[in-house]
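> The structure under discussion is supplied below as structure tokens; questions concerning it will follow.
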Amino acid sequence: MKSAVASTIAGLVLAACLAEAAGAASLDARYDVSLLGITLGTASLTGGIDASSYKLDMAAKLTGIVGGVTGGRGSGAATGALAGGRLAPKTFAVSSANSNESRTVRMALAEGSVAGVDIEPPIDEKPDRVPLNESHKRNVLDPLSAFLMPVNGKGRDGACNRTLPIFDGAARYDIKLSSAGTRTVKLEGYSGPVSICQARYVPIAGHRALRPSTKFMAENRDITAWLAPVAGTDMMVPVRISVKTMIGTAVIEASSFKVDPGVTASASR
């Protein structure tokens, strides 16, 4: 009897360990950034996901002549919890700089709501800026956490059928995704199907209502994202984002997409 109980317990422990491993992975993705087909810079997305948490780091910089002139660069980090196949962001920070200015945004979140924001230097007040209120800071994702797309229970076919409610510390907007099919890609570290999402930008608050760029983006029908699965998890992550801008199409496309299933260390740092 004791041996049977011990075997049962051992089996449950083993099953739990296997379930934990199945929900874990480290990610190392590298991207090229281009405009009008001309490479302008590079970006990276690294981090880890386990059964209950995630941590992401992103860095980007302009290179070549453009980088030499503007000095453009940026970095960001986000952490959060995972529960019931849903993201619960906890911290977000991003810093950006060019030859003219730099800015840092730090944000703390709890239970889907913003607990605190610090922006240095502060965003300039403008007459046409749509006011924010406390309701705009509830049930939101930070921009970096929004890169993780849970598909638990939906399958990859449902990856694009969602709305991302994003607050970046200064503006609240939705990114509405809808399915536009699938295709097969071959990257360093990944070869297989990706889900193609059509995206719409919907400004809600904090934006400059009279800016031509705001109107352009709100009417923009030429935004897509390709999502690839993160092996070992129920997550998908963009490997290509294409956005038509007022001066041409900008593309962020992965040159490599490396996943190490079962590795959790980077998620718990």
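> Show me the trypsin sites (Lys or Arg not before Pro) within region 189-256 that DSSP assigns to loop and that have at most 10 other Cβ atoms within 10 Å of their Cβ.
Hits after loop and neighbour filter: Arg221.
> May I pose another question? Whenever you get a sec, line up Phe147, Phe257 from highest to lowest accessible area (probe 1.4 Å, protein heavy atoms).
The ranking, largest first, comes out as Phe147, Phe257.
> Now for a different question. In sequence order, what are the phi-derived ³J(HN,Hα) couplings for region 96-110 according to the Karplus relation 6.51 cos²θ - 1.76 cosθ + 1.60 with θ = phi - 60°, rounded to whole Hz, with x for glycine and proline?
Here the 3J(HN,Hα) series is 9, 7, 9, 5, 9, 7, 9, 8, 10, 10, 10, 9, 10, 10, 8 Hz.
> Between Ile123 and Val185, 0.36 nm times their residue separation minus their Cα-Cα distance comes to what?
Between Ile123 and Val185, full extension yields an extra 18.3 nm.
> Return the carbon/sulfur percentage of the accessible area of region 175-216, one whole number, probe 1.4 Å, all protein chains in place.
Solvent-exposed carbon and sulfur of region 175-216 make up 54 percent of the total.
> Rg(Cα) of region 155-212 divided by 2.2 N^0.38 Å?
Relative to the 2.2 N^0.38 Å estimate, region 155-212 comes out at 1.48.
> With the other protein chains left in place, how much accessible area per residue, in square angstrom, belongs to region 114-269 at a 1.4 angstrom probe?
51 Å²
> Using only alpha carbon pairs under 8 Å that are at least six residues apart, calculate the relative contact order of region 72-157 and give it in whole percent.
26 percent
> Which one of Val140, Ile166, Gln198 is farthest out on the positive end of the charge dipole of region 128-218, using unit charges on Cβ (Lys, Arg +1; Asp, Glu -1) and the Cα centre as origin?
Gln198
> Enumerate the amide H contacts of Met236 below 5 Å, restricted to partners 5 or more residues apart or on another chain; note that Pro and chain-start residues carry no placed amide H.
Those qualifying (amide H under 5 Å, at least 5 residues apart or on another chain) are Met149, Val151, Val230.
> Would you grab the residues whose amide H sits under 5 Å from the one on Val185? Only those 5+ places off in sequence or on another chain, please, with H modelled 1.01 Å from N.
Residues meeting the criterion, in which the H sits 1.01 Å from N, are Gly192, Val194.
> Also, quick follow-up: How much length would be gained if the chain were fully extended between Arg86 and Asn139, taking 0.36 nm per residue of separation minus their Cα-Cα distance, in nm to one decimal?
17.9 nm
> Follow-up. What is the calculated FRET efficiency for Ser213 to Asn100, with r their C-beta to C-beta distance and R₀ = 22 Å, to the nearest 0.05?
0.80
> Checking the a/c ratio against 1.5 first, then a/b against b/c, what shape does the Cα gyration tensor give for region 41-185?
oblate
> OK, next. From the Cα gyration tensor of region 119-269, with a ≥ b ≥ c the square roots of its eigenvalues, which class applies: rounded if a/c is under 1.5, or else prolate if a/b is larger than b/c, or else oblate?
Judged from the Cα gyration tensor, region 119-269 comes out prolate (a/c at least 1.5, a/b above b/c).
> For the pair Asp174 and Asn161, how long in nm is the line joining their label points, each one 7 Å along Cα→Cβ?
About 1.7 nm separates the two model spin labels.
> If you stretched the chain out fully between Glu111 and Ser52, how much longer would it get, using 0.36 nm times the residue separation minus the C-alpha to C-alpha distance?
Net length gain for the segment: 19.8 nm.
The values are calculated or read from the model by the stated rules, or taken from the named source; none is laboratory data. Quantities reported herein were computed from a predicted structural model and do not represent experimental measurements. Glycine also receives a Cβ, built like all others from the backbone with ideal geometry; neighbour counts cover every protein chain displayed. Note: areas computed on protein heavy atoms with side chains; ligands, DNA, RNA excluded. Shrake-Rupley method; radii C 1.70, N 1.55, O 1.52, S 1.80 Å.
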